[in-house]
C-alpha cells in the first residue's frame with residue numbers, strides 16, 4: 001500500500017467518532033472496487049474520496065449545538081478541509097482537485113461529472129440499503145437530529161427504499177443493490193407487521 005493510503009486510513013481511524021463511523025469508509029471503498037471492476041478510472045482518486053468524504057460527520061468536526069447541526073453541510077466542510085489534508089498526506093497534487101470533485105457529488109441528489117464520482121456515489125447509495133443501511137440508521141436513533149425515535153428512522157429507511165435504487169447509474173451497482181433492496185423491503189414489512197401503529 002502506498003504511504004499516502006496508509007496515512008489517510010490512519011487519520012480516519014483516529015478521527016472517526018462515534019467509533020461506528022469508521023466502518024463506513026472501508027466498506028465503501030470495497031464497494032467501489034466491485035462497482036468499478038469493469039471501468040477505467042483512477043483508483044487513487046476513488047480511494048481518497050471514499051475515505052475522506054464524511055469527515056464532516058465526525059464528532060470534533062461537526063457542530064454539537066442541535067440547531068447548528070441540523071443546518072450543517074458536511075460535504076462543504078469536507079471539500080474545504082480535504083485539499084490541505086491531501087497535501088499533508090503527500091497525495092499526488094495533480095489528483096487533489098478530482099478527489100474534491102468526487103466528494104462534492106457523492107450524495108444521491110448530486111450529478112457526478114467524472115467516472116470516479118459516479119463510482120463513489122453509487123457505492124454510497126448502496127451503503128444506505130440492505131442490512132448495513134438498517135444498522136447505520138438504527139444506531140443513530142436518539143443521537144442524531146434526524147432520528148428522534150423508531151418512527152422517524154423507519155421513515156428514513158422507507159424513503160431510501162423508495163428513492164435510492166432508481167438513482168444508481170452503473171450496472172454493477174444495480175446488480176449489487178438487488179439483495180439489499182429485498183432485505184430492506186422484508187425488514188420494513190416485518191416491522192409494520194410487528195409494531196403496527198405502535199412503533200413510536
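Remark on segment 128-200: ratio of C-alpha radius of gyration to 2.2 N^0.38 Å is 1.13.
When the alpha carbon gyration tensor of segment 13-80 is reduced to an equivalent ellipsoid, the three semi-axes, largest first, read 27, 13, 9 Å. Only one of [x] 55, 41, 27; [y] 52, 36, 36; [z] 76, 39, 24 was calculated from the structure for Cα extents along the principal axes in Å, and its label is [x]. Largest mean-square fluctuation among 126, 33, 52, in a Gaussian network model of the chain whose springs join Cα atoms under 10 Å apart, belongs to 33.
Using C-alpha pairs under 8 Å with a sequence gap of at least 6, the mean separation divided by the residue count of segment 1-108 gives a relative contact order of 31 percent.
Peptides 162-169, 79-86, 116-123: what's the order by average Cβ count within 10 Å, highest mean first?
116-123, 79-86, 162-169
Taking Cα atoms only, the orientation of helix 115-126 departs from the longest principal axis of the chain by about 30 degrees.
In a GNM of the chain with a 10 Å cut-off on Cα contacts, which of 22, 91, 150 has the highest mean-square fluctuation? Largest GNM mean-square fluctuation: 150. Between the Cα long axis of helix 43-52 and the first principal axis of the chain there is an angle of about 50°, rounded to the nearest 10. Once you reduce segment 89-165 and segment 42-64 to the center of their Cα atoms, the two points are 11 Å from each other.
Short-range pairs are left out: with C-alpha atoms under 8 Å and at least six residues apart, the relative contact order of the chain is 20 percent. Spin-label model, residue 198/residue 62: points 7 Å from Cα along the beta carbon direction are separated by 3.3 nm.
In the chain, the calculated helix contribution to ellipticity at 222 nm averages -19500 deg cm²/dmol per residue, counting -39,500 (n - 2.57) for every DSSP H run with n ≥ 4. Angle of helix 171-195 to the longest C-alpha principal axis of the chain, folded into 0 to 90 degrees and rounded to 10: 30°. As a length-normalised measure over Cα pairs under 8 Å and 6 or more apart, the relative contact order of segment 73-119 settles at 31 percent. Could you tell me the calculated FRET efficiency between residue 178 and residue 13, based on Cβ-Cβ distance and R0 = 30 angstrom, to the nearest 0.05? Efficiency computed from Cβ-Cβ geometry: 0.40.
Highest GNM mean-square fluctuation, the chain, Cα pairs closer than 10 Å: which of 127, 64, 101? Comparing 127, 64, 101 in a Gaussian network model of the chain, the most mobile one is 64.
Each reported figure results from applying straightforward, stated rules to the coordinates on display, with no laboratory input. It should be emphasised that the depicted structure is a prediction, and the values quoted were computed from it without experimental measurement. All Cβ positions, glycine included, derive from the backbone under ideal geometry; neighbour counts span all protein chains shown.
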